[in-house]
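Nothing in this text is a laboratory measurement; each read-out follows from the coordinates by a stated rule. As the structure is a prediction and not an experimental result, all values here were calculated from the model. Reconstructed Cβ throughout: ideal geometry from the backbone, glycine too, with neighbour counts over all protein chains shown.
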Amino acid sequence: MAKTAIVTGAGTGVGKAVAQALVREGWNTVFCGRRLKPLEEAVREAGMGGGIGIAVSCDVGKAEEVDRLFAMAVENFGRVDLLFNNAGMGYKSTPIDEIPVEVWEQVVSVNLTGAFLCARKAFGVMRHQSPLGGRIINNGSVSAYTPRPGSVPYTATKHAITGLTKTLALDGRPFDIACGQIDIGNALTEMAHPMTVGVPQANGTMAAEAVMDVDHVANAVLHMAGLPLDANVLFMTVMATKMPYVGRG
């Protein structure tokens, strides 16, 4: 019997690559995002794998839309075995005193509240389905450990995701719910394209950075998702080997 996955932010970038890889590996996969057209295109591009892909528009920062998302997943496929909590957004490098409060609220709504709402609903479904259990994988980013210059909203939310991951991993034990986090460094997506041209560095300069193919991230998530529920990758960092992350840049 095919397992069921929900991937948020699945219309572009990392989410799209992961959702398509899951379909090709035989997972029935719900492609979730705000804009329906890119989701439908991503489903078509996934082709005919062993799994079925469906597109569902959803603003993960709104509880009622997240409730509908999970209801549709259960209605179509009967259960939820995996949530890839991936939806996220950033903001241009800006000193904290110049960041509009509205930007802070928007980033928190998507990156943190959205992750909470989806994890909350996934936990509830997994806790009560039969057989019980499932897996939640949060997209943390290397910003969950080390900030880029001028990145207060994004970095703060990604540090918070680490706390969410650890707590879910603990609270999920009695219900066979495993939770892990993938921390991605410089996967080449639309969002990361500026890195190939030049982005602010800690020493005040601008520099291009090494990047890697996003398919490496998809393969890493497939590995985490494919483990039995008595095994868990709690944290995995997948990064471009030569990016300025380790050491002093």
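Pull up all non-local amide H partners of N85: gap of 5 or more, or a different chain, and H-to-H distance under 5 Å with H placed in the peptide plane.
HN-HN under 5 Å from N85: I137, N138, N139.
Taking the Cβ of each residue in C32, C118 as the centre, tally the other Cβ atoms inside 10 Å and list the residues starting with the fewest.
C118, C32
Name the residue, out of V101, V110, V199, whose mean-square fluctuation peaks in a Gaussian network model built on the chain with Cα pairs under 10 Å.
So, out of V101, V110, V199, the one fluctuating most is V101.
So what does the Cα-only Debye profile of the chain read at q = 0.09 Å⁻¹, as log10 I(q)/I(0), no solvent term?
Normalising to I(0) and taking log10 leaves -0.36.
Which shape class applies to region 109-249: rounded if a/c is under 1.5, otherwise prolate when a/b exceeds b/c and oblate if not, where a ≥ b ≥ c are the square roots of the Cα gyration tensor eigenvalues? Spell out each step's value before the answer.
Numbers: a/c = 2.61, a/b = 1.95, b/c = 1.34.
Prolate shape, in that a/c is at least 1.5 and a/b is the bigger ratio.
With a 10 Å cut-off between alpha carbons and a GNM built on the chain, which of A19, A220, A122 moves the most?
Highest fluctuation of the listed residues: A220.
Between T29 and residues 5 or more places away or on another chain, which pairs have amide H atoms under 5 Å apart, with H built 1.01 Å from N, and which residues are they?
A5, I52, G53, I54
Anything in the chain that counts as a DSSP H helix reaching 27 Å or more along its axis (C-alpha) with Kyte-Doolittle mean of at least 0.0? List them, would you?
Details: long enough: 152-171 (28 Å, 0.21).
Qualifying helices, which must be both long enough and hydrophobic enough, are 152-171.
As a footprinting exposure proxy, order H223, H128 by other Cβ within 10 Å, with the fewest listed first.
H128, H223
I need the shape label for region 28-71. Rule: rounded when a/c is under 1.5, else prolate if a/b > b/c, else oblate, with a, b, c from the alpha carbon gyration tensor. Intermediate results must be reported in sequence, preceding the final value.
Details: a/c = 4.16, a/b = 1.78, b/c = 2.34.
Here region 28-71 falls in the oblate category.
Taking every DSSP beta bridge that has both residues in the chain, what percent is antiparallel when rounded to the nearest 5? Mind showing how you got there, number by number?
Numbers: 2 of 32 bridges.
Taking every DSSP beta bridge within the chain, about 5 percent pair in antiparallel fashion.
Assign unit charges at the C-beta atoms only (+1 for Lys and Arg, -1 for Asp and Glu), then state the dipole size of the chain relative to its Cα centre in Debye, rounded to the nearest 20.
260
Along the positive direction of the dipole of the chain (beta-carbon charges: Lys, Arg +1; Asp, Glu -1; about the Cα centre), which of T94, F70, V197 reaches farthest?
After comparing all options, I get F70.
I want to verify a result. In a Gaussian network model of the chain, Cα cutoff 10 Å, which of these has the top mean-square fluctuation: N219, N86, N111?
Highest fluctuation of the listed residues: N219.
Sequence gap of 8 or more, or different chains, plus Cα separation below 16 Å: how many lysine pairs satisfy both in the chain?
4
In whole angstrom, how far apart do the alpha carbon centroids of region 54-94 and region 177-230 sit?
20
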